[in-house]
Amino acid sequence: MSKEGIDYRKLQLTGGSTFVISLPKDWIKENKLGKGKIVGVEKINSGDLRITATSEDLSKKTLCINLTKNETGKGLIDQLIGAYLSGADSIDICAKNKISRQVKMQIRQFLRDTRGMEIEIDEEKLMRITSILNPTELRLQVSINRMYILILGLVTDAVDVLNGEDENLLNDIEERERQIDARRLLLERQVAISLQIPNVEKKLKINKFSAMEHANIARVLERMGDHAAIFATLIKENNKSIKIQNKEMPFSAIPIWSLELKNIVHNTYTKDVDTILSSKRKLIKLIGDIEAIESNRWSGKEYAETIIAEFRISESIRRLCAYGANFAEALVNMIMHTKLEIKNE
């Protein structure tokens, strides 16, 4: 009997105390199973049982990128990132002729932009990139915290430069932004692997919904990181000409944004919904206040160049607040999912 793609089978009682069901013959053939073979039976967070054909920890996912028709490696970075996010354990880059310098340069960039990948084989016509990081070694929260710290550091250092500190504080904006992006990629890779391998999901102590919301939060933080980098760059390039005082909007919004973002990040642990929603409301109000100031600024008669720089700074701060509110939404979704109760009607 089947319904909505699910094959329903009756339980049978054997030996007086053991319940058994038969497994679909097609599935047995596809996975090359038979008498005496071992399958995995696991209870998952929803309360359902999952049956797996083999020990998935022993299987390795490999992928080959053939450069025979693309010797310059055009679009290679995108393919490598796609393979990385898909959870590939090893990636082969193969060429009919000698692998070009352009290709090797893109591979080096890929290694800079990701975490836990190293070159295992480096030959004329073959390069193999292998994962050396166990996807369960780092909790997803570690990457979320690291992204938060990097974002806060960029904004704080930019404000310090505006207040007269050495501009060299902001010499590594690009590197810090790259680290934020790399953490997002790592987290999305872990999520993809957890969705494919039940044991990884279990060791990371997440369920599928939580995994997807963590990925959503990482993307929100990445966008926040983009605007933190834009903000820092604008301060570095225009701090001598900026006329806005620290106690004026939009700069006066930064301490509030910082405090509410801290509350949200802290509550990824404590899961206090009221605190998270309170922070979200304050950030939304802050966005409205900043927008009002922006409207007034455009209506003034200041020099256009100064207005544009100040508006872009204001826009970045406003977006930092908006992404903070998005973070709060995703976190509330995740907490609500943990409170679901399954009731049989």
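The values are calculated or read from the model by the stated rules, or taken from the named source; none is laboratory data. Everything quoted here is computed from the prediction, not taken from an experiment. Cβ: placed from backbone, ideal geometry, glycine included. Neighbour counts: every protein chain shown.
Residues considered: LYS285, LYS280, LYS236. Of these, the only one that is of a type outside the set (Val, Ile, Thr), in a helix (DSSP H, G or I) and in contact with a Leu (Cβ under 7 Å, 6 or more places away or on another chain) is LYS236. Counting only residues that are touching a Ser or Thr at 6+ places or on another chain (Cβ under 7 Å) and in contact (Cβ under 8 Å) with a residue 60 or more places away in the chain, segment 75-131 holds 2 of them.
Filtered by the rule that a residue be acidic (Asp, Glu) and in contact with a Lys or Arg (Cβ under 9 Å, 6 or more places away or on another chain), segment 195-225 gives GLU201, GLU222. One residue alone among VAL191, VAL220 is among the hydrophobic types (A, V, I, L, M, F, W, C), more than 24 Å from ALA158 (Cα to Cα) and part of a helix (DSSP H, G or I), and that residue is VAL191.
Among residues of segment 37-59 that are polar (S, T, N, Q), those with a Cβ under 9 angstrom from a residue that is at pLDDT below 65, sequence gap 6+ or separate chain, pair up as SER46/ILE342.
The listed residues are TYR323, TYR269, and the only one of them that is farther than 24 Å from ALA158 by Cα and in a helix (DSSP H, G or I) turns out to be TYR269. The condition of being in the same structural domain as ARG146 (by TED's automatic domain parsing), surrounded by fewer than 23 Cβ atoms within 10 Å (Cβ to Cβ) and within 24 Å of LEU133 (Cα to Cα) holds for only one of VAL191, VAL200, that being VAL200. In the condition set (1) closer than 30 Å to SER258 by Cβ; (2) touching a residue at least 40 places away in the same chain (Cβ under 8 Å); (3) under 23 Å from the mean Cα position of the chain (by Cα); (4) in a helix (DSSP H, G or I), VAL142 is compliant with all but (2).
Residue-wise test of (1) exposed (fewer than 13 other Cβ atoms within 10 Å of the Cβ); (2) not small (Gly, Ala, Ser).
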| residue | (1), (2) |
| --- | --- |
| SER258 | no, no |
| LEU283 | no, yes |
| GLY288 | yes, no |
| SER295 | yes, no |
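Given the condition within 15 Å of ARG189 (Cβ to Cβ), at pLDDT 95 or above, assigned to a helix (DSSP H, G or I) and not assigned by TED's automatic domain parsing to the domain that holds LYS243, answer yes or no: does some residue in segment 97-111 qualify? There is at least one residue in segment 97-111 that is within 15 Å of ARG189 (Cβ to Cβ), at pLDDT 95 or above, assigned to a helix (DSSP H, G or I) and not assigned by TED's automatic domain parsing to the domain that holds LYS243.
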